[in-house]
């Protein structure tokens, strides 16, 4: 049985801010969006709150217009009740006085991903030929199913029989899901979007648990993750968030082991390197989880990283296995042909359909492992 993980970086649509040349530019917009979302969620809007919201909105041409309510990167959706008004001869005003006085929200604008790039993502899925594939950064289940049913089929791949994705905490449409073959139906699933600690919500997306039935009454438990990125917020804040997430994943893992689960895999984009402090709960601190990249039968192409140019500092994606599952490993490896390597795409062999960086399936390579179970 082949288990794999792949950060597809969206399938059909992606937030525009995530496609800017500099992440710092996108992070500023994301910070404004997050602040607007926090402010409109308050029970009562003070005059100070309204001034701050208008000040942010006026940075984005069109967003503060009661007629347009839209800008290049952020838009206002007001479904019922008034949020903005412009009395004749006066400037724009926020007339809503609190969360209960109107129905609506701010959202990030998206743009379509190139059809060629989406098809190349499907080609990587076909190359992986996994029995179970963890999918990171998919928009939603509808999009993932459409990709599976139409695009994978279009490029000559075999569509998967089971497609599941639970909406997570990230409003940008970068959720985690899973697809599997007919012989491996999902027996049960559990979401952790509401997990809390003393600091508040733990998971930026989710730590989705999927249980698969095996022969002889055995089960395989797969936890799909996408930990806090390094791109938004200070390094200290981002590291602290990832550490909280890793601790919670470790807690869940230990609980499942105590409950009797023997075959457990923790997969996905962890957004940090193996030697980092935030990942210590999973890779150190007496953890018995093992990274398939450390297996003697791991097919290494000489580049330890999984993102970008494959340097050691870009080892972000993982398949971690419990001891019993590790004992069944036959071989493992990395699928990098969907990534545009270097300035000219010449660092390694790539798909022939990739003619430029915009055609790449993803900035992430995929990981796979063959298990004798």
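A short reminder: the numbers here are calculations on the coordinates, not readings from a lab. Please read all numbers here as calculations on a predicted model, not as lab measurements. As a convention, Cβ positions derive from the backbone with ideal geometry for all residues, glycine included, and neighbour counts pool all protein chains shown.
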Between residue 105 and residue 372, what is 0.36 nm times their sequence separation minus the Cα-Cα distance? Round to one decimal in nm.
91.2 nm
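At 222 nm, what helix-only mean residue ellipticity would the chain give, in deg cm²/dmol to the nearest 500, using -39500 (n - 2.57) for each DSSP H run of four or more? List each step's numbers first, then the result.
Working: 7 runs with 81 residues, N = 373.
So the helix-based figure for the chain works out to -6500 deg cm²/dmol.
Taking the mean number of other Cβ atoms within 10 Å as a proxy for protection, how do you rank 284-294, 131-141, 176-186 from highest to lowest? Mind showing how you got there, number by number?
On the way: 284-294: 15.9, 131-141: 23.6, 176-186: 19.7.
Sorting 284-294, 131-141, 176-186 by mean packing, highest first, produces 131-141, 176-186, 284-294.
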Kirkwood Rh and Cα Rg combined as Rg over Rh, evaluated for the stretch 20-110
0.96
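Could you order the peptides 189-201, 299-311 from most to least packed, using the average number of other C-beta atoms within 10 Å per residue?
299-311, 189-201
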Going by C-beta contacts inside 10 Å, put 69, 343, 50 in order with the fewest on the left.
343, 50, 69
Pick the calculated log10 I(q)/I(0) by the Debye sum over Cα atoms at q = 0.08, 0.10, 0.13 Å⁻¹ for this structure from (1) -0.44, -0.67, -1.06; (2) -0.52, -0.75, -1.10; (3) -0.39, -0.61, -1.05?
(1)
Highest GNM mean-square fluctuation among 273, 48, 110, for the chain with Cα springs under 10 Å, belongs to 48
Under the definition of Cα pairs under 8 Å and six or more residues apart, what whole-number percent is the relative contact order of the stretch 20-110?
29 percent
Distance in Å, no decimals, from the C-alpha centre of the stretch 276-306 to the one of the stretch 117-191 is 24 Å
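Suppose R0 equals 35 Å. What FRET efficiency, 1/(1 + (r/R0)^6) with r the Cβ-Cβ distance, do residue 189 and residue 230 give to the nearest 0.05? Intermediate values should be presented prior to the final figure.
Values: r = 29 Å, r/R0 = 0.82.
Step by step, r from the Cβ atoms, then E = 0.75.
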Express in whole angstrom the spacing between the alpha-carbon centres of the stretch 199-265 and the stretch 341-373.
26 Å
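Sorted by average packing, counted as other Cβ atoms within 10 angstrom per residue and highest first, what order do 54-60, 224-230, 242-248, 70-76 take?
Values: 54-60: 16.4, 224-230: 23.7, 242-248: 21.9, 70-76: 19.3.
Top of the packing list down: 224-230, 242-248, 70-76, 54-60.
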Restricting to Cα pairs under 8 Å and 6 or more apart, the percent relative contact order of the chain works out to 17 percent
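How much length is gained if the chain between residue 51 and residue 301 is pulled fully straight, taking 0.36 nm per residue apart and subtracting their Cα-Cα distance, in nm to one decimal? Numbers along the way, then the final one.
Numbers: separation 250, 0.36 × 250 = 90.00 nm, distance 5.48 nm.
Roughly 84.5 nm would be gained on extension.
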Segment residue 150-residue 196, extension gain: residue separation times 0.36 nm, minus the distance between their alpha carbons:
12.8 nm
